[in-house]
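Since the structure comes first, as structure tokens, the remarks are kept for the end.
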Amino acid sequence: MINPIAFATLLLAGLFGHFQPATAVGRACDPGSRPYSAWMTDSVIARQDAILSGKTEDDVSIVFKIGLFESTVIRLKEYYDADSCGKEDWHSYLLAGAESLIPRLLNLTGDIDAPMDVFATGEAIYHQYDRAHNATYKQVLDTLWQALNDRPRNSEGGFWFYKNYPNLSYLDESYPLSSFSSIWKTYFEPTNTTIADTLINDLDLLKNHCHHDDTGLIVHGYDASKSASWANATTGASPYVWDRALGWYHMALVDLLENADKNAVLSQTQRNDVYTKFYNLANTIINDADNATGCWWQVMEHGGQKGNYIETSGSSMFVYSLLKGARLGYLSGATPKGVGYTDAAHKCYNYLVDHVVSKEEDGTLGLDQTVSVCSLTTPTYEYYTSQPIDYNSVYGTAPFILASWEHEMFLSGDFP
């Protein structure tokens, strides 16, 4: 078996020196001012935070982080000219990151048994396949597709998030599932309606089991068997709303809407249902924003309580989803309570830039207040508020890049 660490080291040493960048596309950047999106992208690359290497091999979430960062940069370089906006080589890092994952992703059993995180890598792999049509990339995509179809599901057809946690479904799975399903249906099986049906069923189950009728927010996940000590006796729902889990769900909805409108990955009825979910949730998310900062607490619905704090990954995700929803016309004007959608997003974004982002001595950007990983093993309030806070976690920096990109498009007038 290939040693993934040695493989990644070889790639970093060789590809950066010999890989030919793609032809410049997108708008050039003014040398005198750097967009925060490009600056943070360069910072992640300079630290080698989003690649499988000796530094990251023990990170249980590295596969998700690489997939998230790669999909972020792929989008960014479709808007900006990577060669004038980036001081680092974005093209080579994308290739090296994708290649570093290949030994893991070609393990079918490993993909079936792994958390749903693994499907967040689909965009990174497809991007390289689209550029080179290398058979290995297609083999990886085929393996992921088989793994998705072979994964265990609950009695209602919802995916288990992780084989080791039978019958537990997490909001976290919505983003990788939606992303990979959209890629597969768009490029490989456009007439396969089962793909959309399976995806929509999973999104529906998460919403139906986990929805709080009083606030409109959605808790972290549910136990379909209702056997967990924390499971609601009627719905199986967990007790608390975790901001990043809800961020994954809201990002998945707005990205899925875009894919539905561009690539017809959903039927019209399904598209309208996703729109309703996205719109209603946008309003309830804004209702729960912190009055002072405009951002969101680690444990939503419990702002200001002891141990709770403004968390940057979920906050950045909401900024991204709200601004993208406004840019694409899914959100217009203000919430039913009179709060402007873009006003709410910009208030939080400005707080993040002014109070959470730091400029390091080496010229990179840092980001604080990102929670590490939260699961449904013991989802108490004390659990969520005591998990480690990671400085420069890709879970925070990648969504911040997306939020910055949307903010920059707004300032550039690229909004309807």
- Task: Answer with yes or no whether Ile125 is buried (at least 24 other Cβ atoms within 10 Å of the Cβ), over 23 Å from Tyr165 (Cα atoms) and free of Cβ contacts under 8 Å to residues at least 40 places away in the same chain.
- Result: yes
**Message:** Condition first: of a type outside the set (Gly, Ala, Ser) and more than 20 Å from Leu281 (Cβ to Cβ). Can you find one or more residues in the stretch 342-350 that meet it?
**Reply:** yes
For the stretch 51-78, pairs from a residue that is more than 16 Å from Leu105 (Cβ to Cβ) and assigned by TED's automatic domain parsing to the domain that holds Leu144 to a residue that is buried (at least 22 other Cβ atoms within 10 Å of the Cβ) and among the aromatic types (Phe, Trp, Tyr), with Cβ under 6 Å and 6 or more apart or across chains, are Val73/Trp90; Leu76/Trp405; Lys77/Trp90
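Looking only at the stretch 60-91, count how many residues are of a type in the set (A, V, I, L, M) and either in contact with a Gly (Cβ under 8 Å, 6 or more places away or on another chain) or closer than 21 Å to Arg34 by Cβ (or both). Steps first, please.
Let us first name the residues in the stretch 60-91 that are of a type in the set (A, V, I, L, M), namely 60, 62-63, 66, 68, 73-74, 76, 82.
Checking the rest, the ones that are also either in contact with a Gly (Cβ under 8 Å, 6 or more places away or on another chain) or closer than 21 Å to Arg34 by Cβ (or both) come to 66, 73-74, 76, 82.
Selection size over the stretch 60-91: 5.
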Using the structure shown, decide if Pro166 is outside any helix (DSSP H, G or I), surrounded by fewer than 20 Cβ atoms within 10 Å (Cβ to Cβ) and in contact with a Phe, Trp or Tyr (Cβ under 8 Å, 6 or more places away or on another chain).
yes
Expected output for the stretch 202-228 (first residue buried (at least 21 other Cβ atoms within 10 Å of the Cβ), partner among the basic types (Lys, Arg), Cβ below 8 Å, 6+ apart or cross-chain) is Leu203/Lys277; Ile218/Lys207
Condition set more than 11 Å from Ser182 (Cα to Cα) and not in a helix (DSSP H, G or I), scope the stretch 242-267, selection nearest to the chain's Cα centre (by Cα): answer is Trp242
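The values are calculated or read from the model by the stated rules, or taken from the named source; none is laboratory data. These numbers were taken from a predicted model, which means no experiment stands behind them. Quick reminder, even Gly has a Cβ in these numbers, built from the backbone with ideal geometry, and neighbours come from all protein chains shown.
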